[in-house]
1. Keeping to the stretch 24-33, report how many residues are in a strand (DSSP E or B) and either at pLDDT below 95 or among the basic types (Lys, Arg) (or both).
2. Can you tell me which residue within the stretch 91-110, out of those that are over 22 Å from Gly29 (Cβ atoms) and among the acidic types (Asp, Glu), is modelled with the lowest pLDDT?
3. Inside the stretch 8-23, can you point out the residues that are closer than 16 Å to Lys54 by Cα and either of a type in the set (Gly, Ala, Ser) or assigned to a loop (DSSP other than H, G, I, E, B) (or both)?
4. Listed residues Pro67, Pro24; which is on the phi < 0 side of the Ramachandran plot and either surrounded by 12 or more Cβ atoms within 10 Å (Cβ to Cβ) or hydrophobic (A, V, I, L, M, F, W, C) (or both)?
5. Collect the residues in the stretch 34-72 that are part of a helix (DSSP H, G or I) and under 10 Å from Thr12 (Cβ atoms), keeping them in residue-number order.
6. Within the stretch 51-58, identify whether any single residue is of a type in the set (Lys, Arg), touching a Ser or Thr at 6+ places or on another chain (Cβ under 9 Å) and at pLDDT 90 or above, and answer yes or no.
7. Any chance the stretch 70-90 includes a residue that's basic (Lys, Arg), surrounded by 12 or more Cβ atoms within 10 Å (Cβ to Cβ) and modelled with pLDDT of 95 or more?
8. List, please: which pairs have Cβ atoms under 9 Å, are six or more places apart or on different chains, and start with a residue in the stretch 25-54 that is without any contact (Cβ under 8 Å) to a residue 60 or more places away in the chain and of a type in the set (Gly, Ala, Ser) and end with one that is surrounded by fewer than 17 Cβ atoms within 10 Å (Cβ to Cβ) and in a loop (DSSP other than H, G, I, E, B)?
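The values are calculated or read from the model by the stated rules, or taken from the named source; none is laboratory data. Just so it is clear, the model here is predicted, and its values are computed rather than measured. Because the Cβ atoms are built from the backbone with ideal geometry, glycine has one as well, and the counts that use them run over all protein chains shown.
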Amino acid sequence: MPKFNKVTKVDTNNGSYKIIWKKPRGCDGVCYDPNFKKEIWINPKIKNSKWLLKVLADEYFHSCFWPIDNNEVYAYSTNLADLLWKTGFRLMEGENEKLKIKKSKKKKKN
């Protein structure tokens, strides 16, 4: 399981959202309607770093652009996670479990 800072608040154009590190029912992440409660719930037991990156992006986009269709948000967050992953963003163990950037090794072509 990747180690990471469990951020408890994020600022968006819709105000500040509280981040709750508990598994939402039936999924790995959820962003609530900003008119109801400004909370994002993230499953803290996500084992795949790339999936965690995607879920964080997805819920963040929901918090910023609440009216946008879920399929569009899914596409945006997946594309962003893919881009960041391809450029080498990784979670890795470090002092005080701080997020560090690790460059991915390029595969040799035969």
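1. Here is the first cut: in the stretch 24-33, the residues in a strand (DSSP E or B) are 29-31.
Filter once more, keeping what is either at pLDDT below 95 or among the basic types (Lys, Arg) (or both): none.
The total comes to 0.
2. Only one residue fits best here, namely Glu95.
3. Trp21, Lys23
4. Values: Pro67 fails: either surrounded by 12 or more Cβ atoms within 10 Å (Cβ to Cβ) or hydrophobic (A, V, I, L, M, F, W, C) (or both).
Residue meeting the stated conditions: Pro24.
5. Residues of the stretch 34-72 that are part of a helix (DSSP H, G or I), as a first pass: 49-64, 70-72.
The answer is Tyr60, Phe61, His62, Ser63, Cys64.
6. Step one: of the stretch 51-58, the residues of a type in the set (Lys, Arg) are 54.
If we keep only those that are touching a Ser or Thr at 6+ places or on another chain (Cβ under 9 Å) as well, we get 54.
If we keep only those that are at pLDDT 90 or above as well, we get 54.
Yes, the conditions are met somewhere in the stretch 51-58.
7. Going residue by residue through the stretch 70-90, those that are basic (Lys, Arg) are 86, 90.
Restricting the remaining residues to those that are surrounded by 12 or more Cβ atoms within 10 Å (Cβ to Cβ) gives 90.
Now restrict to residues that are modelled with pLDDT of 95 or more: none.
Within the stretch 70-90 (the criterion being basic (Lys, Arg), surrounded by 12 or more Cβ atoms within 10 Å (Cβ to Cβ) and modelled with pLDDT of 95 or more), the answer is no, since none of the residues qualifies.
8. Ser49/Arg90; Ser49/Met92
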